[in-house]
Amino acid sequence: NLPVVAVVGRPNVGKSTLVNRILGRREAVVEDVPGVTRDRVFYEAEWAGKDFWLVDTGGWEEKVDGIAYRVAEQAEVAVELADVVMFVVDANVGITTTDEQLLKVLRRSQRPIVLVANKVDDQRGELEAAALWNLGLGEPFPVSALHGRGSGDLLDAVLAVL
Ligand code: GDP
Ligand code: MG
């Protein structure tokens, strides 16, 4: 009965990369193409002496209903179990329709949300990340899951909610 941290976001924003970054090992499957199926989604993680479950959502496949629907459905399941949700967006792309749909699901769940502005690989990206204050989710945390930039501050913020 460790606390559960769910990593939620549309395909390709870097959720699995972030999970691997937090785990400190490559366990979650990272793919350049969205829609990768994977069996394991729960990972035991630790930060600053605190243990928690990290849930990598995904594993959806594109169905006739369209990927946005599948993402929302996956998110609903993950969020139900979560004590806190890391909502991951691609800071370079900005907010898409799918992001907005997901956000609706997240808000409805009334779980605490920590906004992750991923793919901020260098300082230039910070401006795009700052634009995400507009979502009304509080401080956007700029990170580069790929390089590790900002991930410590993000984890501190997530654990502060638990
Ligand atoms: P997921 O579908 O949300 O799980 O996304 P993945 O973790 O599979 O990553 C999708 C693609 O984005 C991969 O090619 C990653 O290498 C890339 N990616 C993930 N995080 C970053 C990042 O911080 N910076 C950059 N430049 N690319 C990233
Ligand atoms: Mg993934």
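No value in this document is a laboratory result; all are computed from the given coordinates. All values reported here derive from a predicted model rather than from experimental measurement. Because the Cβ atoms are built from the backbone with ideal geometry, glycine has one as well, and the counts that use them run over all protein chains shown.
Tabulated data for the structure shown
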quantity	calculated
Under 13 Å, Cβ to Cβ, from GLU128 - net charge with Lys/Arg +1 and Asp/Glu -1	-2
Pairs of Lys in the chain closer than 24 Å at Cα, counting only those 8 or more apart or on different chains	6
Relative contact order, percent, the chain [alpha-carbon distance under 8 Å, six or more residues apart]	24 percent
Residue-averaged 222 nm ellipticity for the chain, from DSSP H runs of 4+ at -39500 (n - 2.57), nearest 500	-10000 deg cm²/dmol
Packing-based exposure ordering (other Cβ within 10 Å, fewest first) of THR97, THR57, THR17	THR97, THR17, THR57
For the range 111-117, Karplus couplings with θ = phi - 60° (6.51, -1.76, 1.60), whole Hz, Gly/Pro x	7, x, 10, 10, 8, 10, 9
Most mobile listed residue (VAL29, VAL105, VAL116) in the chain, GNM with C-alpha springs under 10 Å	VAL105
